[in-house]
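First comes the structure, then the notes that go with it.
What follows is calculated from the coordinates using simple rules that are stated; it is not laboratory data. Worth saying up front: this structure is predicted, and the values here are computed from it rather than measured. Quick reminder, even Gly has a Cβ in these numbers, built from the backbone with ideal geometry, and neighbours come from all protein chains shown.
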Amino acid sequence: MPELPEVETVRRHLEPLLLGRRFVSAHLPTDYQKALSGISAKECTTLIYGKTIQSLTRRGKYLILNLEDSHLTFHLRMTGRIFQTEPEEQEKKHITAWFTLSDNSHIYFKDVRKFGRILWSSDLKWLEEKLGVEPLSAEFTPEYLEAKLGEKKQRIKSALLDQSVVAGLGNIYVDEALHLAGLHPEQSCSGISRAKWLKLHSSIVVTIQAAIDLNGTTFQSFYFGEEETSGEFVSQLNVFGRTGKPCKTCHGLVVKTKVAQRGTHYCPVCQPLR
Ligand SMILES: [Zn+2]
């Protein structure tokens, strides 16, 4: 599932391709109508017709196309993918929405699992109300993390998956940041020391920055239609997807369990439960 670094990679890839283009129309396949968050293709076309894509931004795991007076926000969820090249015949059944631009090029939204959504809105208040701070922003500090979570009985992994605390973290990068911080995923937040909040904060920043620098973690090239590019952070993973393999820090074995209904990877030696 795409997390902050993957969505940021998509944003950087698409920005030069889409900037300055105008929308002509929106389309939905006749047998699937949900991708535009409940509005019809005709209604969406009326809202975006003639509007120019002025910038592409990202907030948490959301990709935002900013138009003159409104926004088109993409949430890729499990399997959403955005690209510009005409999809192959066998891929077409997975296209849940597409857009025609002024130069007769297209934006395709492919989504095999169909959980992804595209939302038109006149402002982004709804998104700001939903999301916590960005992990690479100045607002994200060790003090913020401790103030938000320090009293909670919740397990640290669940707390970090909560998008209203830190936006953009998901299963992969929470597992990696907790390993780097030496924190067990089932550790109760209220039992974490000040020194560990400091360490966790820097571990999140370092992990997310490194993943962005390496275009995220993709096991196949499933974010781009045009290129056989895949994220290189996969080679840097210490625990995620490495069940039964030696920990790169201590040579203990990586264990997989379930926390918050999510497959969770950790090293019992580096990350003891206190
Ligand atoms: Zn270890």
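In a fully extended conformation the segment linking residue 243 and residue 202 would gain 12.3 nm over its present Cα-Cα distance, using 0.36 nm per residue. Label-to-label distance for residue 17 and residue 137 is 2.8 nm, based on points extended 7 Å past Cα in the beta-carbon direction. Applying 0.36 nm per residue to the separation of residue 210 and residue 77 and subtracting their alpha-carbon distance, the gain on full extension is 45.7 nm.
Beyond 32 Å in Cα-Cα separation lie the following of the pairs 34/256; 42/258; 148/258; 130/153; 93/256: 34/256; 42/258; 93/256.
With N set to the residue count of the chain, report its C-alpha Rg divided by 2.2 N^0.38 Å to two decimal places. Please report the intermediate quantities before stating the final value.
Details: Rg = 19.9 Å, N = 274, 2.2 N^0.38 = 18.6 Å.
My calculation over the Cα atoms of the chain gives 1.07.
Taken as entire DSSP H runs, the helices of the chain that both span 27 Å or more between Cα atoms along their own long axis and average -0.5 or more on the Kyte-Doolittle scale are 194-213.
Please work out the FRET efficiency for the pair residue 147 and residue 115, using the Cβ-Cβ distance as r and a Förster radius of 35 Å; give the result to the nearest 0.05. Don't skip to the end; give the middle numbers.
On the way: r = 32 Å, r/R0 = 0.93.
Result of the calculation: an efficiency of 0.60.
The protection proxy used here, the mean number of other Cβ atoms lying within 10 Å of each residue, ranks peptides 21-27, 85-91 as follows, highest first: 21-27, 85-91.
Residues with beta-carbon under 15 Å from that of residue 159, excluding residue 159: net charge, scoring Lys, Arg +1 and Asp, Glu -1? Don't skip to the answer; put the middle values down first.
Working: positive: 148, 152, 153, 155, 157, 196, 262; negative: 146, 151, 162, 175, 186.
Local net charge: +2.
Were the residues from residue 52 through residue 1 laid out at 0.36 nm apart, the gain over their Cα-Cα distance would be 15.4 nm. In order along region 85-94, the phi-based Karplus estimate (6.51 cos²θ - 1.76 cosθ + 1.60, θ = phi - 60°) of 3J(HN,Hα) comes to 7, 3, x, 5, 3, 6, 7, 4, 5, 9 Hz; Gly and Pro are listed as x. Here 203, 188, 193 are placed in order of increasing Cβ neighbour count within 10 Å, fewest first, which gives 193, 188, 203.
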